[in-house]
Amino acid sequence: MARIMIVDDSMVVRKSLKKLLEELGHEVVHESEDGRDAVQRYSKVKPDLVTMDITMPVLNGILALKEIILQDKDARIVMVTSHGEEELVMDAVSFGAMGYILKPITKEKIEKVLTKVINTNK
């Protein structure tokens, strides 16, 4: 079981992701609707893993990823992305993301990526 922070500007996506994560036995410890809130809350919440949308207002997922990695080089962040954002995903991975989940999100996609990320030493 992992303690997870969800970062996505869509409340529908956050609710759906939270439901799927809880069905998989994980605990959602915080939800942020933008990257700025995620960066500010990360050190207080200390999640085991962050799911991070790429395209968000205020602070996008790439910039939020960079700031969180500066706070905690061992942060485990998985990007959540739509088709057409492949270049952004590659940027995110080069900046420290440990994987990505392509929308639409399914329980199988989440389980596969999270199992890999949680069991990888950083």
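Listed here are the residues, each with its yes/no results for (1) free of Cβ contacts under 8 Å to residues at least 12 places away in the same chain; (2) surrounded by 15 or more Cβ atoms within 10 Å (Cβ to Cβ); (3) under 21 Å from Lys112 (Cα atoms).
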| position | (1), (2), (3) |
| --- | --- |
| Asp48 | no, yes, yes |
| Thr51 | no, yes, yes |
| Ile62 | no, yes, no |
| Lys66 | no, yes, no |
| Ser82 | no, no, yes |
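Picking from Thr120, Thr115, Thr81, which residue would you name as being touching an Asp or Glu at 6+ places or on another chain (Cβ under 9 Å) and hydroxyl-bearing (Ser, Thr, Tyr)?
Thr81 is the lone residue from the list that is touching an Asp or Glu at 6+ places or on another chain (Cβ under 9 Å) and hydroxyl-bearing (Ser, Thr, Tyr).
Restricting attention to the stretch 10-46, which residues are within 13 Å of Val80 (Cβ to Cβ) and open to solvent by less than 60 Å² (accessible area, probe 1.4 Å)?
The answer is Ser10, Val13, Arg14, Ser16, Leu17, Leu20, Leu21, Ser32, Gly35, Ala38.
Tell me which of these Ile68 doesn't satisfy, since it passes every other one: (1) modelled with pLDDT under 95; (2) touching a Phe, Trp or Tyr at 6+ places or on another chain (Cβ under 6 Å).
Just one mismatch for Ile68, condition (1).
Pick out the one residue from Ala97, Ala75, Ala2 that is over 12 Å from the mean Cα position of the chain (by Cα), open to solvent by less than 20 Å² (accessible area, probe 1.4 Å) and under 20 Å from Asn121 (Cβ atoms).
Ala2
The values are calculated or read from the model by the stated rules, or taken from the named source; none is laboratory data. The structure presented is a predicted model; accordingly, all values stated were derived computationally and were not measured. Because the Cβ atoms are built from the backbone with ideal geometry, glycine has one as well, and the counts that use them run over all protein chains shown. Side chains included, ligands, DNA and RNA excluded: accessible areas come from the protein's heavy atoms. Shrake-Rupley method; radii C 1.70, N 1.55, O 1.52, S 1.80 Å.
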